[in-house]
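Report on the structure given below.
The values are calculated or read from the model by the stated rules, or taken from the named source; none is laboratory data. Just so it is clear, the structure is predicted and the values come from calculations on it, not from any experiment. Here the Cβ positions follow ideal geometry from the backbone for every residue, glycine too, while neighbour counts run over all protein chains shown.
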Amino acid sequence: MDPTSVINAVLVAQARPLPPPVEYGFWYSVAHAGVVEQLVMLALLGFSVVSWAIIAFKWRTLRRSYHESETFLDVFWSSKRLDAIYQRSESLSASPVSQVFRAGYIELAKIKKKGESDNGDMQLGSLESIERSLRRAASAELTGLESLIPFLATVGSTSPFIGLFGTVIGIMNSFQDIGQMGSAGFTTVAPGIGGALVATAFGLLAAIPAVIAYNWFLTRIRILDTEMSNFSSDFLNIIKRHFF
C-alpha cells in the first residue's frame, strides 16, 4: 500500500468530527430506566402529587381554624350573654372551639328547658351531661382535623423503601447486562445505574415534604386540641357558677 495514501487516510480520519458525548443527566436516566424502575417512579410521583394536594388543603383548613378560633375566643370573653355568643358562632363554623361551645350550649338549653318543667331543679347529673357533650364535640372536631394526615405519614415512611426497591431492581438489571455483554464499561452500566438511583431520588422527593408537613400539622392540631380542652374547662366553670 502506498504510504502516502495511508497518511492521507489517517489525516482524513483525524479531521472527521467526533460524535458529541452523551450527557447522562437526570431526565436521560429517567428515560433510559427499566420498566420496573419507571413504574416505581410513576407511583412515587402519584404519591407526591396527592401529598401536595393534601398539604395545600390542610394548610388552608388549619389556617382558617386558627383564625376563626381566635375570633371566637375574643367574642366569648368580651360578651356577657351566651345566646349572643351562640348566634355569633354560626358564622365561625371552621373554628373547632366554637363547635365545642355550640354543643355545650345546646345541651345546656335542653337541660334548662327540662329544669323549668321540673320547677327549676337542675341536678348535678345535668352538669355531667354537658361535660360529655363537650367531650364528644371535641373528639369529633379532633377527628376532622386529623383526617388525611395519616396519608402523609404513610408516604413519608414508605416512599424511601419503594424507591430503594426500584434501585435494587435497576442495579440487578445492570449486572445482568454486564454479564450478557461481557464488559463493564461506563457506557454499559451508566444508564442502568442512573435509572436505579433516580428511583431512590423520587422516593426521597416524595417522602421529605410529606414528613415535614405531617410533623407541622400534628403540632398545630395538638395546639387546637389543647385550646378545646382549656375552653371546655372554662365553660364548665362558668356554667357551675351561674346555673348550679
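I want to confirm something. Restricting to the stretch 193-207 and keeping residues that are β-branched (V, I, T) and in contact (Cβ under 8 Å) with a residue 40 or more places away in the chain, which single residue is surrounded by the fewest Cβ atoms within 10 Å (Cβ to Cβ)? Working first, answer last.
Within the stretch 193-207, the subset β-branched (V, I, T) is 193, 198, 200.
Still in the running and in contact (Cβ under 8 Å) with a residue 40 or more places away in the chain: 198, 200.
Numbers: V198: 26, T200: 23.
This residue is T200.
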Of the residues L152, L134, which single one is buried (at least 21 other Cβ atoms within 10 Å of the Cβ), of a type outside the set (S, T, N, Q) and at pLDDT 95 or above? L152
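Does I106 satisfy the condition of being crowded, with 16+ Cβ neighbours inside 10 Å, at pLDDT below 95 and either among the hydrophobic types (A, V, I, L, M, F, W, C) or under 25 Å from the mean Cα position of the chain (by Cα) (or both)?
Numbers: crowded, with 16+ Cβ neighbours inside 10 Å: no; at pLDDT below 95: yes; either among the hydrophobic types (A, V, I, L, M, F, W, C) or under 25 Å from the mean Cα position of the chain (by Cα) (or both): yes.
So I106 fails the test.
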Can you tell me which residue within the stretch 221-244, out of those that are of a type in the set (S, T, N, Q) and more than 15 Å from E128 (Cα to Cα), is surrounded by the fewest Cβ atoms within 10 Å (Cβ to Cβ)? T226
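Only one of S69, S93 is farther than 30 Å from L205 by Cα, hydroxyl-bearing (S, T, Y), surrounded by fewer than 14 Cβ atoms within 10 Å (Cβ to Cβ) and touching a helix residue (DSSP H, G or I) at 6+ places or on another chain (Cβ under 8 Å). Can you tell me which? Even if it seems obvious, please write down each step before you answer.
Values: S69 fails: surrounded by fewer than 14 Cβ atoms within 10 Å (Cβ to Cβ).
Testing whether each residue is farther than 30 Å from L205 by Cα, hydroxyl-bearing (S, T, Y), surrounded by fewer than 14 Cβ atoms within 10 Å (Cβ to Cβ) and touching a helix residue (DSSP H, G or I) at 6+ places or on another chain (Cβ under 8 Å) leaves just S93.
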Does any residue of the stretch 209-220 turn out to be surrounded by 19 or more Cβ atoms within 10 Å (Cβ to Cβ) and closer than 30 Å to G34 by Cβ? yes
Of everything in the stretch 74-92, what is modelled with pLDDT of 90 or more, polar (S, T, N, Q) and outside any helix (DSSP H, G or I)? Give them in sequence order. S91
